[in-house]
Amino acid sequence: MASKDKLVFGTAGIPNSSKRPPTTQDGIERIYELGLGCMEVEFVRGVNMSPESARDVGRLAAKRGLKLSAHAPYFINLNAKELEKMAASQDRIIQTARIAALFGGNSIVFHAAFYLKDEPAKVYATVKKNLEQIVAKLRAEGSRVWIRPEVMGRDSQFGTLEEILQLSLEVDGVAPALDFAHWHARTGKANSYDSFLAVLKKIESKLGRAALDNMHIHVSGIDYGPKGENKHLDLAESDFKYEELLRALKDYEVGGALICESPNLEKDALLLQHTYEKL
Ligand SMILES: [Zn+2]
């Protein structure tokens, strides 16, 4: 029987129903009140937290028994043509990892790159080289934070399921951030129990069982077209078969964190958690 505690549920950023204007600590308190288990700290517009606050945030999360992760800034492209932009992209990932380590976060996620008309194989090699450099720098500082490039929702974005799993296989310290909504939007398929299970089996055969015990998952409703993702939606407004996903995660005893990225954040995070618990 699957253990109920293996997978924890939470929100991408501070819950909407937190005290206004909220601090990260208010968000953590709200996650705790709601009975959720984790929160992703959003640095999507910049890493704007001091080391001191990060330590405070970490102490509170530990007291409340919650798991934290971090989302790096959107302004990252590890396939940038200009050296400056490349250096800045590396730096944003490293800054995110440093702050996350201070608040006890064990994973950071980010959008790795754009293809910019380059051959996917060439982009893969460039991203891989950059990730090796990033991990080497962080390891030299003693950091053990998992570096997780995301499976992305648009054709223009680096990050197919295959690319992300291959990077995770080839670069020590890299693991997948599996956004099932993005993958559904990008493929126009991948939206049934069998296809979700096929993804999990692929992860297991490529990366081993340990990867499934320590997964980082994003879920939301999603609107999409021929080129993939248009925008995130609440689950009730979308065609995403979340119950079938949850069933696959439970049957396969997947562990780790599931972050809800629907606009209504905690409403769908709770829907996901409650649905999962009842399975
Ligand atoms: Zn993201």
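The values are calculated or read from the model by the stated rules, or taken from the named source; none is laboratory data. In this text, all values refer to a predicted model and were calculated from it rather than measured experimentally. With ideal geometry, Cβ positions are generated from the backbone for all residues, glycine too; neighbour counts draw on all protein chains shown. Just the protein is used for accessible areas: all its heavy atoms, side chains included, with ligands, DNA and RNA removed. Shrake-Rupley method; radii C 1.70, N 1.55, O 1.52, S 1.80 Å.
Per-structure values
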| item | result |
| --- | --- |
| Test: residue 72 is closer than 17 Å to residue 113 by Cα, among the aliphatic types (A, V, I, L, M) and open to solvent by 40 Å² or more (accessible area, probe 1.4 Å) | no |
| Test: residue in region 173-183 that is among the charged types (D, E, K, R), modelled with pLDDT of 95 or more and open to solvent by 60 Å² or more (accessible area, probe 1.4 Å) | no |
| Residues satisfying the stated conditions in region 136-156, i.e. in a loop (DSSP other than H, G, I, E, B) and touching a strand residue (DSSP E or B) at 6+ places or on another chain (Cβ under 9 Å) | 145, 151, 152, 153, 155, 156 |
| Those residues of region 99-125 which are surrounded by 19 or more Cβ atoms within 10 Å (Cβ to Cβ) and not hydrophobic (A, V, I, L, M, F, W, C), in sequence order | 105, 107, 111, 124 |
| Cβ-Cβ under 9 Å pairs, at least 6 apart or on other chains, region 39-51 side more than 19 Å from residue 216 (Cβ to Cβ) and of a type in the set (D, E, K, R), far side within 15 Å of the ligand (Cβ to nearest atom) and open to solvent by less than 10 Å² (accessible area, probe 1.4 Å) | 45/73 |
| Single residue of region 16-69 satisfying the filter (of a type in the set (S, T, N, Q) and buried (at least 20 other Cβ atoms within 10 Å of the Cβ)) that is farthest from residue 102 (Cα to Cα) | 18 |
| Of all residues in region 157-210 being part of a loop (DSSP other than H, G, I, E, B), out of contact with any strand residue (DSSP E or B) (no Cβ under 9 Å at 6 or more places or on another chain) and over 19 Å from residue 130 (Cβ atoms), the one that is nearest to the ligand (Cβ to nearest atom) | 190 |
| Single condition residue 262 does not satisfy, out of (1) within 16 Å of the ligand (Cβ to nearest atom); (2) touching a Pro at 6+ places or on another chain (Cβ under 9 Å); (3) small (Gly, Ala, Ser) | (2) |
| Candidate set: region 184-233, residues that are among the β-branched types (Val, Ile, Thr) and out of contact with any helix residue (DSSP H, G or I) (no Cβ under 6 Å at 6 or more places or on another chain); chosen: the one surrounded by the most Cβ atoms within 10 Å (Cβ to Cβ) | 217 |
| Answer residue from region 257-268, given it is assigned to a strand (DSSP E or B) and in contact with an Asp or Glu (Cβ under 7 Å, 6 or more places away or on another chain) and is surrounded by the most Cβ atoms within 10 Å (Cβ to Cβ) among those | 260 |
| Residues being assigned to a loop (DSSP other than H, G, I, E, B) and in contact with a His (Cβ under 9 Å, 6 or more places away or on another chain) - total across region 1-15 | 1 |
